[in-house]
Structure formats: structure tokens, C-alpha cells
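Structure, as C-alpha cells:
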Amino acid sequence: MNVEALSQCLKAAADPSRLRLLWLCSQGELTVSDLVRITGHSQPRTSRHLKILQDAGLLESFREQHFIFYRANRQEPQQTILKTLIMSLDRSDGVLAEDNRRLTAIRRARAQLAESYVEDEVPEWLELHQYHGDEVTFSEHLHTLLTGHSVGHLLDIATGTGRMLRLVGPLANSGFGIDLSKKMVIVARDTIEKAGLNHLSVRQEDMYQMRFPANSFDTVTIDQVLYFADNPPALFQEATRVLKKGGKLLTVAFTPHEVIHDTSLPVSVDLKAIMGWLVGENLSVEQIDKIPGETLDISLILASKTG
């Protein structure tokens, strides 16, 4: 970073109100309304401070329906500057302590809302849980499969409750979870906040038409999505588009037992069909791991983008 750019960053941060905003936005994604409630400042004043910080490259923002979310910029060298500033703050400072109390209250309200959304989907979740098996076992298989691979910049497609973000997120440098459902976005955002995964983010996106540039991600995960996907080939095509050359695509799906092929189970997907979709997108299958279940297997298929 040159002298002029660094000077702009320091000028932007050299204000007590803006330092508070930087500290808050380093804790996760917050809307203007959230920040107004926490700081007690007016909406115009808060928006003006946010613009200064964003123009200096210290904050980034994204729109989700009628809301604009702000978060600390995770790109270098801004990330290092922010870390230095945040670490220099005294957490016992009275103003910051009160800000933290109000932030905790907002997160508690979000968590309650997320829980209510999950409860709305109880029948479907109960149906799926009978096939999921033990999460500890699944996590061990998942981490073994990814051993030796740098997860880097991660994308979890149709993230749902954010399970894959929670399990793979600690291995990633940065990443996103996307879901078309506004409810699931709220649930997944609550999941990563509770796990302290502030380097991850959640967006409301159509998995068939994502707004990410081509060749953006080092790792893409598709966890238990295929059974409800209307057009799996189109999904794999879009996943491959945003995956970097040499990047890894991890697909997780319920698959029938090899001996007992019960086609009446609505959540299962034929493994041969999955292989066909992968090969059709010039993805090279590197490894297949199966976790046997009483009714269905859980298949983890790791593939790489060859072209």
C-alpha cells in the first residue's frame, strides 16, 4: 500500500465514532439499522461514517433485499491494518463494553428468529435426520477427504442451516454460503456467528445463476442439495463456472446401498448419475468416500476442475 492510500485509511479511522463502527463490523455482518441501534447515532450520521470507511477500503458492503450489510474488509493489506487497529482497542473501555452489550442483544434476537425458522421446517428436518447419522463421524470423513488440499476461498451452495460452513469453514481463509431462501440465510448467518467464523459470509443467491465471477473459488461444496435440485446438470455447470482451475468440488449426497437399491426413498440420488454430471462438466473424480447407513449411504465425492 502506498503512502497516500495508507494515509486515507488512517484518516478515515481517526474518529471515535468510526473506530466504534470498525470494531463492530469486525465482529460480523451488520446492517445500518443494527449499527444505529448499537451506537445511538442517527441514520444519516451513521451512513456518512460508513461511506467514509468504505471509500477508504476498510469496510465492504452488500445488499440483501431492502437491507445493506457492512463488514470489515478481509482483503490485504486492509485486513492487517484493521487487525492492528482492533487489537489496539481496550475491550474494557466503557463505550465498547456498552456497544458489545447491545450487539449481544441483537445477536440473541437473530438467534431466536433463526430457531423459529428451523422450527417451521420441523417435518422436513425430522425426515432428513433419520438418514444423516452421526455428525462426528461425518466431520471426520470430511476432514480426512480434504487433507492435503488447501480449502482457500470457499463456497457452500444452498447452505441451508450452514452445516458445511461450520465444519469446513475453520479450514478456509475466506468464503461464502449461498441460499435462495431468506429464512435459511438468517439461520446460516446465525450458525457462523455462533461458531465465531467471522471470515465467512452468507448471501441470498440463486444457485443456478450466482453473481460471482468465473474462477472465483478454490473449493466449492454441494451438501445434500441434489435430491431437491430441479436441474442437477445446470447446478454442476454453474458450480464449475465459479470454481478455479485445479480447484476442488466436494459433493455430498444420500445414495442407495449397492445391494439394496430402494428407489422409493425421495432423498436418495444415484451415484452413477452424479458421476455422469461431474464428468459432463470436465471434472475429474479424485476420491469417493462412503459412510454406510441403515437405509442410505452418505457419499462424499471429491472432484477437481481440469479445464
task = Please work out the ratio of the alpha-carbon Rg of segment 3-114 to 2.2 N^0.38 Å and round it to two decimals.
result = 1.03
key: Selection from Leu113, Ile52, Thr39, by position along the positive dipole direction of the chain (Cβ)   = Ile52
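Where the only charges are on Cβ atoms (+1 Lys, Arg; -1 Asp, Glu), what is the dipole of the chain about its Cα centre, to the nearest 20 debye?
Details: 32 positive and 39 negative charges, 336 e Å.
Charge dipole of the chain: 1620 debye, to the nearest 20.
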inquiry  = Under 5 Å between amide hydrogens, which residues at least 5 positions from Gly247 or on another chain qualify, with H placed 1.01 Å from N in the peptide plane?
reply    = Lys305
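Stokes-Einstein at 4 °C, 1.567 mPa s, Kirkwood radius from Cα pairs: D for segment 133-190 in µm² s⁻¹? Mind showing how you got there, number by number?
Values: Rh = 12.0 Å.
Result for D is 108 µm²/s.
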222 nm mean residue ellipticity, helices alone, for the chain (DSSP H n ≥ 4; -39,500 (n - 2.57); rounded to 500) = -14500 deg cm²/dmol
Gain in span if fully extended, Tyr208 to Glu76, counting 0.36 nm per residue against the direct Cα distance = 44.5 nm
task = Note down the net charge around His141, summing +1 for each Lys or Arg and -1 for each Asp or Glu among other residues with Cβ under 11 Å from its Cβ.
result = -3
task = Treat each spin label as a single point 7 Å out from the Cα along the C-beta direction, and report the Lys51 to Lys83 distance in nm.
result = 3.2 nm
inquiry  = Regarding the chain, what's the average projected area of the Cα-atom convex hull, expressed in nm²?
reply    = 17.2 nm²
task = Take the eigenvalues of the Cα gyration tensor for segment 123-305, scale each by 5, and report the square roots as semi-axes in whole Å, largest first.
result = 23, 19, 16
query = Given a cut-off of under 8 Å on Cα pairs at least six residues apart, what relative contact order in percent is computed for the chain?
reply = 12 percent
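Every number here is computed from the coordinates shown, using simple stated rules; none is lab data. The structure presented is a predicted model; accordingly, all values stated were derived computationally and were not measured. Every residue, glycine among them, receives a Cβ derived from its backbone with ideal geometry; neighbour counts consider all protein chains shown.
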